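I have placed the structure first, in the form of structure tokens, so that the comments after it can refer back to it.
Throughout, read-outs are computed from the coordinates displayed, never taken from laboratory work. Since the model is a prediction, treat every value here as computed from it, not as a measurement. In this analysis, Cβ positions are derived from the backbone assuming ideal geometry, glycine residues included, and neighbour counts consider all displayed protein chains.
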Amino acid sequence: MRHRSRPFAPLALAALVAAGLPGPASSVEVTTRVSVAVTDLRNGQGLVQACLTAFPQHFPDCRDDPQSHRLTVPARANLVLEFDRVSPGTYAVSLLHDENSNGRADRMLMIPREGFGFSRDAPVRMGPPGFDQASFPVGTSPVQKTVRMRYML
């Protein structure tokens, strides 16, 4: 098979650039910010761990999800979490109020001893909600969500 040269390809690319249009090699990544206001924290002790993921198989803990957005911040009143550079898609948020700062969700007889919360205030029944119950769309405009913390004990 013989390779044909394309003498007009550079001219076409130059015309696209001159017109302000992205060329075929251009990859402009569109991202936005997702802000999450945390309500009903029991106290200002410890840390709040947050996970934002687009993958149902990694919800709610983001374990083994290299593309997840994670934050760990000191617990405090009027807490707002900011996830930057979030690509458009469908996401879900999960929160843990790690009151003793040990890096894990403490349990007593399988019941969480520390606070937790999910986007869309997804219901908790015999375990965490599914991704579809907590998910929400993210486009190119900033997104603001509120997550209410819940405590079982």
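Net charge around L71, counting only other residues with Cβ within less than 15 Å of its Cβ (Lys, Arg = +1; Asp, Glu = -1)? Show your work: numbers first, answer last.
Working: positive: R33, R70, R76, R85, K145; negative: D61, D65, E82, D84, D98.
Here the count lands on 0.
In terms of modelled amide H atoms, which long-range or inter-chain residues lie less than 5 Å from the amide H of E114?
Under 5 Å from the amide H of E114 lie the amide H atoms of D106, each far enough along the sequence or on another chain.
Any chance you could get the radius of gyration and Dmax over the Cα atoms of segment 14-153, in Å?
Computed over the Cα atoms of segment 14-153, radius of gyration and Dmax are 17.8, 68 Å.
In terms of modelled amide H atoms, which long-range or inter-chain residues lie less than 5 Å from the amide H of V93?
Correct list: S119.
Which residues does the label zone of R150 cover in segment 78-107, counting backbone N under 16 Å from a point 7 Å along Cα→Cβ?
Zone members listed by number: 93-97.
Rounded to a whole number, what is D in µm²/s for segment 45-115 from Stokes-Einstein with the Kirkwood radius over alpha-carbon pairs (10 °C, 1.306 mPa s)?
My calculation gives 122 µm²/s for D.
Explain nothing, just the number: dipole magnitude of segment 26-153 about its Cα centre with +1 on each Lys and Arg Cβ and -1 on each Asp and Glu Cβ, in debye rounded to the nearest 20. Mind dumping the intermediate values first?
Working: 14 positive and 13 negative charges, 56 e Å.
Computed about the Cα centre, the dipole is about 260 debye.
Could you go through segment 64-77 in sequence order and give the Karplus-derived ³J(HN,Hα) for each residue, using 6.51 cos²θ - 1.76 cosθ + 1.60 with θ = phi - 60°, rounded to whole Hz, and x for Gly and Pro?
For segment 64-77, the Karplus-derived couplings read 6, 10, x, 9, 6, 9, 10, 9, 9, 9, x, 5, 6, 5 Hz, x marking Gly and Pro.
Quick check: pseudo-label points 7 Å beyond the Cα along Cα→Cβ at N102 and S141, how many nm apart are they?
4.5 nm
Karplus couplings for segment 35-47 from phi (6.51 cos²θ - 1.76 cosθ + 1.60, θ = phi - 60°), rounded to Hz, Gly and Pro as x?
Rounded to whole hertz, the list is 9, 10, 7, 9, 10, 6, 5, 5, 7, x, 8, x, 10.
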